[in-house]
Every structure is written in structure tokens, then in C-alpha cells.
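*Asks:* Structure below; questions to follow.
Throughout, read-outs are computed from the coordinates displayed, never taken from laboratory work. Predicted model, so just to flag it, every value in this text is computed and none were measured. Note that each Cβ is placed from the backbone with ideal geometry, even for glycine, and that neighbours are counted across all protein chains shown.
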Amino acid sequence: MKKVFIFLSIIAFVGCTAPNAQVSRIGTAGDGGSVGIGSQASVDIIVALDEAWKKYDFKAMRSMFADSAIFYTDNGSIKNIQEFLDDIAKDASSDTVSTWDMTYVFSVNSDNDTAGGEWVNAGFKVEGSVNDSTIVKNNYIEWYYVIDGKVAEYSSSKRKIKL
């Protein structure tokens with residue numbers, strides 16, 4: 001009986017051992033590496049950035065960007081961090097009132113990225129009004145390059161939604 005108990009215990013232990021997770025890499029990055037799912041930590045940075053942006057908390061926003069961050073905006077301009085934050089402040093104080101919701105966010109990485117960063121993609125549905133009358137609706141798609149817990153690059157594109 002003791003031998004049967006030991007045998008069944010060994011079978012139960014082996015049968016309950018979780019298999020090793022396989023990391024799937026599908027697609028090709030611009031650097032020629034294969035693409036895989038990134039980390040939750042990079043996603044969390046962008047979610048926190050969005051929350052700070054909604055509050056126009058420029059101090060918190062600045063802390064989430066690398067000092068040398070580059071910003072490619074949807075109108076085609078390239079900005080540094082101060083110019084980018086100045087534009088947001090200008091929009092916040094104008095006659096335009098915007099509200100938005102993040103519709104998705106995910107992180108990917110390339111196995112050839114020697115810097116160790118991850119790309120985070122986020123989508124937003126934005127509604128705005130100008131002088132309480134004109135309604136504007138846009139979908140924004142934004143990419144953030146996150147490295148060492150900071151956003152080092154940002155790019156944005158938008159598509160107008162027909163009313």
C-alpha cells in the first residue's frame with residue numbers, strides 16, 4: 001500500500017507541474033527582428049500618462065518623458081518635450097474642450113532592439129467642441145517608445161470621424 005501511495009504521489013506531482021510558457025514572436029520589426037508581446041510595465045506608464053494628461057498635470061507628464069524625448073505630432077511637426085507640453089497647455093486654455101477615452105493599449109518589442117525598449121500602441125476616441133457649438137470627433141493612434149521607464153519617442157496620427 002505504501003508503494004502505491006508513493007507511486008500515485010509521484011504521478012500527481014509530475015501531472016500537476018505546469019509546462020514552461022512558450023514565447024511567441026510573430027512578425028518583423030523595422031530593425032529586422034521578430035516582434036513579441038511587451039511588458040505590462042510599459043503599458044502601465046502610458047495609462048498613467050493618459051491619466052495625468054486628462055488632469056493637465058504637466059509636472060507628472062514631464063516626469064514620464066525622457067529629457068531627450070522626441071515628439072512627432074499628427075500635424076507633421078517635430079517637437080521637444082517643452083514645445084509638446086506648451087502645445088497641450090495652449091489647447092487646454094483655448095475655446096476647444098476635448099474629452100477622450102483610451103480604446104486600447106498594448107506593448108510590443110523586437111528581439112533586435114539592443115537598447116531594450118518597447119513600443120506601446122494606444123488608441124483614443126476624442127470628442128471636442130469649439131465655442132460650445134462645433135463638434136469634432138477623431139480617432140487617434142499613438143505610438144510611444146518606452147525605455148528605462150520613460151517615454152523616449154512619441155508619434156501620433158488622427159483620422160476624423162464623419163458626423
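*Asks:* With point charges of +1 on the Cβ of Lys and Arg and -1 on the Cβ of Asp and Glu, referenced to the Cα centre of region 26-160, which listed residue (102, 129, 89) lies farthest in the positive direction of the dipole?
*Replies:* Working it through, the farthest residue towards the positive pole turns out to be 129.
*Asks:* I've got another one for you. For residue 150, list the lysines whose Cα falls under 29 Å from its own Cα; do not include residues on the same chain fewer than 8 positions away.
*Replies:* 54, 55, 59, 79, 90, 125, 158
*Asks:* With each label point set 7 Å from Cα along the Cα-Cβ vector, what nm distance links residue 89 and residue 129?
*Replies:* Placing both labels 7 Å beyond Cα along the Cβ direction yields 2.7 nm.
*Asks:* Further question: In terms of the ratio Rg/(2.2 N^0.38 Å) built on C-alpha atoms, what value belongs to region 64-120?
*Replies:* On the way: Rg = 14.8 Å, N = 57, 2.2 N^0.38 = 10.2 Å.
Ratio of Rg to 2.2 N^0.38 Å for region 64-120: 1.45.
*Asks:* Taking only the C-alpha atoms, wrap a convex hull around region 20-163 and report its volume per residue in Å³ as a whole number. Kindly include the intermediate steps, with their values, before the conclusion.
*Replies:* Working: hull volume 18.8 nm³, N = 144.
With only Cα atoms used, region 20-163 gives 130 Å³ per residue.
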